[in-house]
Amino acid sequence: MSDKPVTRRNFLYITTGTFTAAGAASLVWPFIDQMNPDASVKALASTEVDLRPIAPGQSITVLWRGKPVFIRRRTPEEISEAKAVSLDELPDPQDDSARAKNPEWLVMVGICTHLGCIPLGQKGEYNGWFCPCHGSHYDTSGRIRKGPAPTNLEIPDYVFLNDNTIKIG
Amino acid sequence: MSDNYVPKSAVGKWFNERLPLLDLIYGHLMPYPTPKNLNYFWTFGGILTFCLVTQIITGLVLAMHYVADADLAFASVEHIMRDVNYGWLLRYIHANGASLFFMAVYIHMARSMFYGSYKEPRELIWIIGVFIFLLMIATAFMGYVLPWGQMSFWGATVITNLFSAIPIVGESVTNWLWGGYAVGSPLLTRFFTLHYLMPFLIFALVILHVWALHVPGNNNPEGIDVVKGSQDTVPFHPHYVVKDLFALVVFLIIFAGFVFFVPNLLGHTDNYIQANPLQTPEHIVPEWYFLPFYAILRAVPDKLGGVILMVSAIAILAFLPWLDTSKVRSAKYRPLYKQFVWLFFANTIFLGYLGAQVADGMYLIMGRIATVYYFAHFIIILPLLGYIEKTKPLPKSLSEPVLSKEEKEIIASGATT
């Protein structure tokens, strides 16, 4: 700090400048926020799915927030295969029970965690999903086993509204 | 203008030696010598620059959400108003910003007329200004079409039909403009493209406008020549930077008043009805800032004549520096012109009033009289005044009119010894 005394003018400069800066900053926000998801997008933020038509061993893909979501009714073999894996073998360790609320139903965002392609179902070395873009292999629980993807396929928020219906989002 | 500007930072120095951009900006914003007596009417140049930048920025973000298609445009504007985060604010700023832009430009032009700023050696500044005004008219009109409401649609229909008044090729020209046989999607899409382009052309012209202004320097309320760097000038910064900023703050308060309290006051309710090519609204009016010219168009009972007169009403402005034959600039020293210029302003506002009325009966007759007077001001009054008017003696410096008698005597005696 200098030895100069603080004058009335200094005070006015700083308060005026601060108010102007705060005002300008608050005015910038609408121009940034207008690019965020708008009300019409948020209104579509959840999707309800009827599970009755899906037989064991079948999958469907539904659109949720513009993204594909895989819903697979797993076979008993797939479930036991997923549960049998030791967590030590996994690059992103996660127990199958943490990934499927009901072991029969696997619900996950169908986007490869590497760079956003859609993996192909029941392909790859682990009988789960295989991403054709850069060769990531996922197992029957959608966990990454081999390849460049860093994490398991994402599990969206979902609830079973009843035995036959789930709500994603 | 800025021979001795040296940036403080090393990066600034490095940059400025290779491209003296900072030097250029500094020269035009900081030491630029400005007459010391400029009043608040001289703050509108800065306000207008602010308006242009505001329109460009809000327009840019609106264009991220708008869809230029006849089937989707109206809904996309409603989407902006209801769904997009702060969309209502951005659109209201843009729509009211256009109106305030015109308010400011009319005051700016009136100031130039009152103080004779268009006269030698500032003719080119004025002419560039007239072209900016023309582009503003085109931009504002096309922008008003984009929401695709009833007024948008029928305004576009009426204005594009003006071209059908051209003899022989009129119909081909309008069909070419429309990209069809009536106003529709092709016209909307090309209007959107041009509406996006034109503000940048205006911006380029504004640079020329300021460049041309900074050659002779500002005119001033006394209208006399001022020697740059003399006691009659002060540096632009801080004197006029602060004055311009203060005026801008007052302008912004009015702006905010419109945006937050009466955002639709200057618009027309019919434009919240989606365009219907099968039904014309009962009473079509353009935006308020076009009303005087609209009144001139309707004053003539002939299609081609009306169009020619309306275009001439704007084009004649470009010839103002030569139509006004008086050598004295400021109306302060022109007792007759001072009355006539106020009469001209009043007449133009009256034309605006008439433009909003139904073109019938008395309104039509008054419209014709006002139109004749509008042109008489330029073609008869201004050229004649230069010869018959006895102007008041001009002061020798900007200080002289504000000095006391004693002070003047001191200066006079100092000058003789």
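The values are calculated or read from the model by the stated rules, or taken from the named source; none is laboratory data. Remember, it's a predicted structure, so these values are computed and weren't measured experimentally. With ideal geometry, Cβ positions are generated from the backbone for all residues, glycine too; neighbour counts draw on all protein chains shown.
Quick one: which helices (runs of 4 or more DSSP H) sit completely within region B:289-403 and have at least 2 residues that are within 22 Å of the chain's Cα centre (by Cα)?
Output list reads B:291-299, B:303-315, B:320-323, B:335-355, B:361-376.
Check region B:135-145 and report whether any residue there is surrounded by fewer than 20 Cβ atoms within 10 Å (Cβ to Cβ) and over 30 Å from B:Asn276 (Cβ atoms).
yes
Within region B:124-149, restricting attention to residues that are of a type in the set (Phe, Trp, Tyr) and assigned to a helix (DSSP H, G or I), which residue is nearest to B:Ala73 (Cα to Cα)?
B:Tyr144
Looking only at region B:83-102, how many residues end up being in contact with an Asp or Glu (Cβ under 9 Å, 6 or more places away or on another chain) and either surrounded by 23 or more Cβ atoms within 10 Å (Cβ to Cβ) or on the phi < 0 side of the Ramachandran plot (or both)?
7
Given the criterion in a helix (DSSP H, G or I) and at pLDDT 95 or above, identify the matching residue among B:Ser152, B:Ser164.
It is B:Ser152.
With respect to B:Arg334, is the statement that it is basic (Lys, Arg) and either within 21 Å of B:Ile127 (Cβ to Cβ) or at pLDDT below 95 (or both) true?
For B:Arg334, the condition - basic (Lys, Arg) and either within 21 Å of B:Ile127 (Cβ to Cβ) or at pLDDT below 95 (or both) - is not met.
Kindly state which helices (runs of 4 or more DSSP H) lie completely within region B:1-92 and contain at least 1 residues that are under 26 Å from the mean Cα position of the chain (by Cα) and under 30 Å from B:Gly267 (Cβ atoms).
B:44-63
Taking region B:60-109 only, how many residues are within 13 Å of chain A (Cβ to nearest Cβ) and not aliphatic (A, V, I, L, M)?
Qualifying residue count, region B:60-109: 14.
For B:Tyr118, indicate whether it is in contact with a helix residue (DSSP H, G or I) (Cβ under 9 Å, 6 or more places away or on another chain), of a type outside the set (Lys, Arg) and within 14 Å of chain A (Cβ to nearest Cβ).
No; evaluated as a whole, the condition is false for this residue.
Can you tell me how many residues in region A:55-72 are surrounded by fewer than 16 Cβ atoms within 10 Å (Cβ to Cβ) and either among the hydrophobic types (A, V, I, L, M, F, W, C) or within 14 Å of chain B (Cβ to nearest Cβ) (or both)?
3
Need a quick list: strands (runs of 3 or more DSSP E) entirely within region A:91-157 having at least 3 residues that are within 15 Å of A:Arg74 (Cα to Cα) and of a type outside the set (Asp, Glu).
Fully inside region A:91-157 and qualifying: A:105-109, A:120-123.
Scan region A:21-39 and report the pairs whose first residue is more than 7 Å from chain B (Cβ to nearest Cβ) and whose second residue is surrounded by 12 or more Cβ atoms within 10 Å (Cβ to Cβ) and of a type in the set (D, E, K, R), with Cβ atoms within less than 8 Å and a gap of 6+ or a chain change.
none
Whether any residue in region B:40-47 is out of contact with any helix residue (DSSP H, G or I) (no Cβ under 8 Å at 6 or more places or on another chain) and either at pLDDT below 95 or surrounded by 20 or more Cβ atoms within 10 Å (Cβ to Cβ) (or both) is what I want to check.
Checked against the condition, which is being out of contact with any helix residue (DSSP H, G or I) (no Cβ under 8 Å at 6 or more places or on another chain) and either at pLDDT below 95 or surrounded by 20 or more Cβ atoms within 10 Å (Cβ to Cβ) (or both), region B:40-47 yields no hits at all.
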